[in-house]
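The values are calculated or read from the model by the stated rules, or taken from the named source; none is laboratory data. These figures come from a predicted structure and were not determined experimentally. A quick note on method: Cβ atoms are made from the backbone with ideal geometry, for glycine too, and the neighbour counts reach across all protein chains shown. Ligands, DNA and RNA are stripped out before the accessible areas are found, and what is left, the full protein with its side chains, is counted by its heavy atoms. Shrake-Rupley method; radii C 1.70, N 1.55, O 1.52, S 1.80 Å.
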Amino acid sequence: MSPIKIPELSLVVLVGISGSGKSTFAGAHFAPTEVLSSDFCRALVSDDENDQAATADAFEVLDFIAAKRLAAGRLTVIDATSVQAAARQSLVALAKRHHVLAVAIVLDLPESICAARNAARPDRAFGARVLRQQHDQLRRGLRGLRREGFHRVHVLSSPDEIAAAVIEREPLWNDLRAEHGPFDVIGDVHGCFDELTDLLGTLGYQVAADGTSAVHPQGRTAVFVGDLVDRGPATPAVLRLVMGMTAAGSARSVAGNHEVKLVRALRGRDVTVSHGLAESLAQLSAEPDGFTASATSFMDQLLGHLVLDDGRLVVAHAGLPEAMHGRASAAVRSFALYGDTSGETDEFGLPVRYPWAQDYRGRAMVAYGHTPVPAAEWVNGTICVDTGCVFGGRLTALRYPEREIVSVPARQVYFEPIRPLAAPAAVPAAAPARADAELNITDVLGKRIVATRLTGQTVTIREENALAALEVMSRFALDPRWLVYLPPTMSPTAAAGSGGLLEHPRDAFAAYRSAGVAQVVAQEKHMGSRAVVIACRDPEAGARVFGVAGSGVIYTRTGRAFFADPGLAEEVLSRIRAAIGAAGLWAELDTDWLVLDAELLPWSAKAGELLRGQYAPVAAAATTALDAAAGLLAAAAARGVDGTASLLAGVADRRVLAGRFADAYRRYCWPVSSAADLRLAPFQVLAGAGAVHALRPHAWHLDVLGRLCAADPGFFRVTRTVPVTLADPASEAAATDWWLELTSGGGEGMVVKPAEVVHRGPRGIAQPGIKCRGPEYLRIIYGPEYSVPANLARLRSRNVGRKRALALREYALGIEALERFVAAEPLYRVHECVFGVLALESEPVDPRL
């Protein structure tokens with residue numbers, strides 16, 4: 001008996017009267033999760049699988065679950081009698097809605113066998129009339145199952161056939177996920193043979209002298225997006241070459257709408273001879289009959305779309321939304337061939353195409369053609385490679401996975417377009433990083449679960465936190481196309497167990513030692529404002545990479561423009577760009593843009609309102625009140641009032657602490673009127689063209705940034721560091737002494753980081769950084785009198801576990817955002833991570849930590 005072949009993704013409907021053994025058959029051949037039983041659903045809603053009054057509700061549940069499985073791309077088996085045409089009709093409609101094939105497996109056993117089985121089951125107390133009715137319904141509908149819409153029908157007519165049945169799952173013809181390339185996806189050729197050979201030669205293919213085939217010495221495969229024919233001067237030559245390459249295994253092709261129409265014409269169907277069809281028919285009429293027949297067969301067998309490289313690449317003539325990838329239905333093929341239209345026509349009488357790519361949010365890259373564009377550009381992970389060669393434009397290919405654009409110019413205009421083709425832009429060596437659609441609010445709203453490569457885990461963003469992030473972004477953020485990264489929060493060290501300090505380096509060293517880290521770097525912490533710097537060598541780089549006219553931006557850790565004055569912002573950026581050039585970093589890093597993580601000083605340059613509205617009033621109120629209290633107590637003491645001496649001493653101590661509070665924040669303030677008054681302390685090169693640098697060892701960053709600072713020492717401030725070997729007490733002691741020196745001189749403190757940047761220990765990734773702040777800086781954070789022993793004892797009870805978990809999640813999201821941006825993923829994918837960092841800032845964690 002031949003195996004029963006079913007598509008890997010399909011809706012399998014078991015058809016048979018009660019007692020035919022459908023449930024037993026399903027259990028033998030399918031996983032329990034794949035089978036949806038009407039009896040089970042009836043029991044779900046009524047606690048009795050034989051309660052016929054619950055049938056309508058049961059099938060509503062069954063349809064809902066089946067729809068969810070099919071939407072997720074899961075094979076689904078329906079275990080119900082399905083002997084009535086109406087019942088089957090709803091299941092076929094369900095399959096069509098989800099673009100999967102419907103398969104019927106009919107268990108057509110004699111009524112007598114089924115009756116005997118039912119008689120042996122006390123829960124099947126229905127008469128022979130019901131069974132006879134089911135059997136009659138099955139027999140009447142058996143021959144019409146294919147007409148009802150079932151792609152395949154398998155009938156098993158005896159217990160032996162059922163027992164011997166073997167189910168064999170097979171992939172759909174468009175499922176080429178096992179083919180990994182590399183590929184060269186070539187746009188609409190339209191009979192332009194000379195340009196095709198030019199392009200293949202440029203791509204490195206060796207074209208046979210007779211033009212019948214071409215192979216690539218490195219085994220690359222050409223994938224044609226369809227519309228090989230019509231309009232151009234050499235349709236037969238193009239077909240001969242592509243057919244030869246396909247036979248040799250060096251090419252694949254999908255169908256275009258022009259191939260479909262040409263096949264219909266060649267087979268004598270009534271079609272309108274327009275849009276270049278006449279040219280193809282005339283050219284093919286001069287070819288031998290055998291060639292025309294072979295070409296017709298080749299074109300007729302072309303699929304609507306192909307899914308390649310584990311589902312990471314989809315090729316379709318007119319594009320394809322994610323819900324149709326790897327599916328099979330008339331609707332899928334129609335979209336792949338013709339796209340979708342708005343129902344309107346433009347001033348040239350041509351249909352207005354619906355911009356499906358603007359809404360695309362799929363994980364697969366989609367390469368397509370059909371509607372010519374002046375130059376290939378990325379839109380949300382999709383790219384149109386039809387650049388109008390036959391109209392005098394260019395013939396274009398996408399090199400995959402390199403994402404490189406290669407094109408050759410048309411030798412002439414072969415066919416005048418109805419709609420004028422815009423002049424082609426200058427052709428870059430690589431595809432523009434992105435040309436994204438307008439952002440959609442649904443991309444960042446609601447509960448989101450974001451996968452991160454760094455940790456291999458997901459980060460959950462709660463809905464209420466996402467709303468808070470959207471509020472900040474929509475009201476205060478700069479142009480979102482610049483927002484490719486937000487800095488993560490950083491955890492402090494655990495509280496010191498004793499002494500007059502709340503934080504001490506030994507606890508940071510101990511945390512890393514317990515995580516298995518051998519080498520750390522103690523890095524000077526600057527008291528300024530966190531600044532993300534995007535510097536572009538010129539406005540063209542900004543427009544090409546970020547889609548924004550400009551040479552860069554500087555923004556805060558919440559995505560707001562750092563400077564309200566655009567002139568000051570440009571003055572700062574100009575110095576940064578000049579220093580990058582003077583240090584030779586544009587050439588060394590092979591980039592024309594860089595993202596830097598830095599601290600911009602003074603603190604007052606950004607925190608002026610905070611200082612005036614919060615810190616200064618506290619200091620002023622404290623000093624005024626305590627000075628007044630001291631005066632009153634001194635007067636009372638002069639009058640001989642008892643007990644004033646101790647009170648006066650206490651007020652004097654508090655007055656000293658209030659003064660130290662004012663001194664602490666004033667140390668980080670000075671007036672700013674121009675860039676000359678600012679200092680930038682860069683501590684990490686985050687990313688540039690083609691590379692995420694954030695995970696490079698700290699030694700690399702110190703070298704690169706040291707040269708950057710040396711290029712303009714009047715503006716840049718070097719971030720000093722001390723290496724620490726955690727197994728060497730002397731090394732730790734030296735770093736501790738350095739911290740004491742920093743903090744006694746008014747410095748904020750230091751950040752301790754693993755020297756290798758990312759350390760994977762038995763408990764996962766170690767903290768990317770632990771801050772250890774000095775006592776006077778902490779006075780700004782906790783208040784003037786935090787260092788009083790009673791207050792210190794209370795503050796030592798803090799728990800940094802939640803803060804550290806938050807820091808790791810934000811760090812993973814930040815790196816994920818950079819990696820997605822550098823990989824030229826759609827901007828909404830980058831913003832998924834960027835918004836996630838900002839959303840996590842709404843988590844209920846002590847902001848003083």
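Numbers below:
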item	result
Residue count for segment 719-754, restricted to those that are out of contact with any Lys or Arg (no Cβ under 9 Å at 6 or more places or on another chain), assigned to a strand (DSSP E or B) and over 18 Å from V517 (Cα atoms)	0
All positions within segment 744-781 that are more than 27 Å from the chain's Cα centre (by Cα) and at positive phi	G746, G749
Yes/no for A295 being surrounded by 21 or more Cβ atoms within 10 Å (Cβ to Cβ), under 29 Å from G393 (Cα atoms), in contact with a Pro (Cβ under 8 Å, 6 or more places away or on another chain) and not acidic (D, E)	yes
Unique match (being under 22 Å from the mean Cα position of the chain (by Cα) and modelled with pLDDT of 90 or more) among A410, A397, A431, A376	A376
Restricting segment 390-410 to residues that are out of contact with any Asp or Glu (no Cβ under 6 Å at 6 or more places or on another chain) and among the charged types (D, E, K, R), the residue that is surrounded by the most Cβ atoms within 10 Å (Cβ to Cβ)	R394
Condition met for T489 (among the polar types (S, T, N, Q) and crowded, with 18+ Cβ neighbours inside 10 Å)	yes
Matching residues, segment 634-693, being open to solvent by 50 Å² or more (accessible area, probe 1.4 Å), touching a helix residue (DSSP H, G or I) at 6+ places or on another chain (Cβ under 6 Å) and assigned to a loop (DSSP other than H, G, I, E, B)	V672
P480 being closer than 14 Å to D597 by Cα and out of contact with any Phe, Trp or Tyr (no Cβ under 8 Å at 6 or more places or on another chain)	no
Subset tally (residues that are assigned to a loop (DSSP other than H, G, I, E, B) and touching a residue at least 24 places away in the same chain (Cβ under 8 Å)) for segment 1-11	4
Residue satisfying all of: in segment 225-247; among the aliphatic types (A, V, I, L, M) and assigned to a loop (DSSP other than H, G, I, E, B); nearest to R399 (Cα to Cα) among these	V225
Filter result for the condition that a residue is more than 11 Å from A522 (Cβ to Cβ) and small (G, A, S), over A735, A727	A727
Among (1) surrounded by fewer than 22 Cβ atoms within 10 Å (Cβ to Cβ); (2) under 18 Å from L75 (Cβ atoms), the one test that V45 misses	(2)
Single residue of segment 173-197 satisfying the filter (closer than 16 Å to L395 by Cα and charged (D, E, K, R)) that is surrounded by the fewest Cβ atoms within 10 Å (Cβ to Cβ)	D194
Selection within segment 481-494 - in a loop (DSSP other than H, G, I, E, B), of a type in the set (S, T, Y) and under 16 Å from I781 (Cβ atoms)	T489, T493
Check on A115, more than 42 Å from the chain's Cα centre (by Cα), touching a residue at least 40 places away in the same chain (Cβ under 8 Å) and over 30 Å from G256 (Cα atoms)	yes
